[in-house]
C-alpha cells in the first residue's frame, strides 16, 4: 500500500472520528437538556402533590388523622411528611426512622429505652398499644418496630407482634434471614425484657 493511500485512509478515519465526536457532543447536550427538563417537571409534580395534600390535610380538621399518618410511606409529599412529624412528636417515646417496610409500604417506627424506670416502661407500653392497630402485618404475619439501644452483633433486631399467635417477640434477622424470635405472652413482659437488657448509661 502506497504512503498516499495510507494517508488517505488515515484521514478518512480521522474524519469519521471527528464526526462521531460531534454526534456524541450533540447527544450529551441533548441529555443535559432532557435532565434539566426532567428536574423541572419533577419539581412541578412535587409542588402539585404538595398543593393537593395541603388541601387533604385541611379537610382532616384539627384532630390528627392517625390512619393517614401511619399509612404513609417514605414517598409521601413534603407536606404529608411535615404533618406526620408534627403529630408523631406529640407521642412520648415514638421514633420515626428513615426506613420503609418493603412488605407493607409503611414507614418504619422504632422503640428504645433510655432508663430503667417504671415510668418509661409504662409510657412505652401505652405507645406500643397505640401504634400497633395502625401497623400492617408483613409476610410473616408480624407487625414490627425497630429496636434502639439493644445489644446486636452483625444483625438487625425488631420488636414484633404476631397477629396469628397473639404473641410478642424480639426477632433477630441477619442478611434478611430470620435467625430467631424470642417470644413473650404479654406486651409488658416483652418490653420489660427489652428494657432490662437495653444498653444505656444511667444518670448519676
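The values are calculated or read from the model by the stated rules, or taken from the named source; none is laboratory data. Source: prediction; values computed, not measured. So basically every Cβ, Gly included, is an ideal-geometry build from the backbone, and we count neighbours across all protein chains shown.
Data for the structure
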item: Elements of type strands (runs of 3 or more DSSP E) contained in region 99-204, each with 2 or more residues being over 27 Å from residue 66 (Cα atoms) and free of Cβ contacts under 8 Å to residues at least 12 places away in the same chain; result: 177-184
item: Which listed residue, of 148, 168, is closer than 22 Å to residue 119 by Cα and out of contact with any helix residue (DSSP H, G or I) (no Cβ under 8 Å at 6 or more places or on another chain); result: 148
item: Verdict on residue 57 being under 22 Å from residue 135 (Cα atoms) and in a loop (DSSP other than H, G, I, E, B); result: no
item: Which listed residue, of 41, 114, 97, 5, is outside the structural domain of residue 140 (by TED's automatic domain parsing) and surrounded by 10 or more Cβ atoms within 10 Å (Cβ to Cβ); result: 41
item: Conditions (1) crowded, with 17+ Cβ neighbours inside 10 Å; (2) under 18 Å from residue 99 (Cα atoms); number of the one not met by residue 139; result: (1)
item: Conditions (1) at pLDDT below 95; (2) assigned to a helix (DSSP H, G or I): number failed by residue 72; result: (2)
item: Residues within region 69-87 that are more than 15 Å from the chain's Cα centre (by Cα) and crowded, with 18+ Cβ neighbours inside 10 Å, tallied; result: 2
item: Candidate set: region 47-59, residues that are touching a helix residue (DSSP H, G or I) at 6+ places or on another chain (Cβ under 7 Å) and more than 26 Å from residue 103 (Cβ to Cβ); chosen: the one surrounded by the most Cβ atoms within 10 Å (Cβ to Cβ); result: 57
